[in-house]
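The structure appears below as structure tokens.
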Amino acid sequence: MVTFPDGARIVLGNEGGRPIHRGTVAVRGPCAPSREEVMGPGLTEPQSRALDFVLAWFGHPFDSVTSEPQPGGEPRWGAWPLSGPLLITALVHWKQHEPEAFDARLGRLGLEATPAQPDEAASLRLLGSRNAEGHDALALIAEDPRLLAALARAGRERGAQRAQLETLVTHVLRPMLASCAQAETAVDAPGGLFASARALALLFHSELRFGRRGVTRLVTLARERPEPPVAGEHAGERLAEDLRATGRSREASEVWRILTSPELADPS
């Protein structure tokens with residue numbers, strides 16, 4: 001357990017000999033952003049519903065912090081676990097919008113987040129006796145229980161949660177959707193292959209679980225049988241069967257949860 005000067009406490013676990021915080025602030029709950037705030041980064045209603053579902057069922061709490069298992073591994077922070085440059089981008093975004101909150105949670109421990117410049121990327125520095133930058137600074141956070149607890153506590157701040165979402169939408173989901181466009185037509189345009197909240201949830205889940213290769217596979221399956229408005233959902237069924245056949249029953253069951261949940265039904 002890490003206790004801060006103001007009495008706040010963060011209870012850490014241990015995984016592979018490294019400290020972790022599994023999180024206490026659920027995506028759907030009184031300490032999380034509202035639906036309006038989730039839509040703040042410019043999401044459409046179907047996109048917002050899809051993201052809310054995927055984060056709630058397959059993501060992590062906003063204040064979770066885990067780390068990569070290998071020595072020198074970086075921390076993964078938040079609802080859609082951000083690591084590396086994306087984590088740094090989220091921290092920079094938070095500091096730019098709420099500098100006092102950032103300094104109260106992280107700045108006082110020597111962490112400094114600097115926005116991107118024309119000739120260099122956004123950066124994170126750990127100042128003091130262990131002076132480090134970028135990957136090295138992140139690796140130290142993953143190893144140091146007090147720094148990791150501070151990052152977890154930061155995830156309880158509403159501004160930090162919004163920064164996580166803004167970074168996710170701007171640097172992960174929008175580029176992913178753009179990569180799926182065909183003949184300059186958005187894949188989630190009205191009448192498109194992935195126009196519904198359910199179909200978009202399949203895309204977002206593929207990005208979360210499998211990365212861009214998984215998204216490409218799902219879109220390829222949809223284009224083999226382009227039958228709007230259900231092409232994306234039919235592709236999800238085929239993906240689930242492929243996953244089951246290759247021994248990935250957990251991921252297959254997650255896809256079926258998306259395909260069958262009433263939460264993603266089109267509004268009547």
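Residue-wise, which Karplus ³J(HN,Hα) couplings in Hz belong to the range 186-197, taking 6.51 cos²θ - 1.76 cosθ + 1.60, θ = phi - 60°, and x for glycine or proline?
Per residue, the Karplus-derived 3J(HN,Hα) values read 4, 5, 10, 5, x, x, x, 5, 10, 7, 7, 4 Hz.
List THR114, THR167 from most exposed to least, where exposure is judged by having the fewest other Cβ atoms within 10 Å. Display every interim value, and only then the final one.
Numbers: THR114 16, THR167 24.
The most exposed by this proxy come first: THR114, THR167.
Dipole size in debye (nearest 20) for the chain around its Cα centre, Lys and Arg Cβ +1, Asp and Glu Cβ -1? List each step's numbers first, then the result.
Numbers: 30 positive and 34 negative charges, 122 e Å.
So the dipole magnitude of the chain works out to roughly 580 debye.
Of TRP80, SER123, THR185, which is farthest along the charge dipole of the chain in the positive direction, counting Lys and Arg as +1 and Asp and Glu as -1 at C-beta?
TRP80
If you work out Cα Rg over 2.2 N^0.38 Å from the coordinates, which of [x] 1.34; [y] 1.05; [z] 0.95 do you get?
Structure-derived value, by its label: [y].
Under a Cβ-only charge scheme (Lys and Arg +1, Asp and Glu -1), can you give me the dipole magnitude of the range 181-264 about the Cα centre, in debye to the nearest 20? Don't skip to the end; give the middle numbers.
On the way: 12 positive and 12 negative charges, 66 e Å.
In debye, rounded to 20, the range 181-264 gives about 320.
Treating the beta-carbon of each Lys and Arg as +1 and of each Asp and Glu as -1, no other charges, what is the dipole magnitude of the range 120-268 about its Cα centre, to the nearest 20 debye?
Details: 20 positive and 20 negative charges, 72 e Å.
Here the range 120-268 has a charge dipole of around 340 debye.
Evaluate the distance, in nm, between pseudo-label points positioned 7 Å from the Cα of GLU45 and of THR170 along their respective Cα→Cβ axes.
2.7 nm
Most mobile of PRO61, PRO19, PRO30 per a Gaussian network model of the chain (Cα springs, under 10 Å)?
Of PRO61, PRO19, PRO30, the Gaussian network model singles out PRO30 as fluctuating most.
For the Cα atoms of the chain, what angle does the longest principal axis make with the long axis of helix 84-97, in degrees from 0 to 90, nearest 10?
For 84-97 against the chain, the angle is about 70 degrees.
No lab work stands behind these numbers, since they all come straight from the coordinates. Quick caveat, the model's predicted, so the values are computed rather than measured. Every residue, glycine as well, gets a Cβ built from its backbone with ideal geometry; the counts of neighbours run over all protein chains shown.
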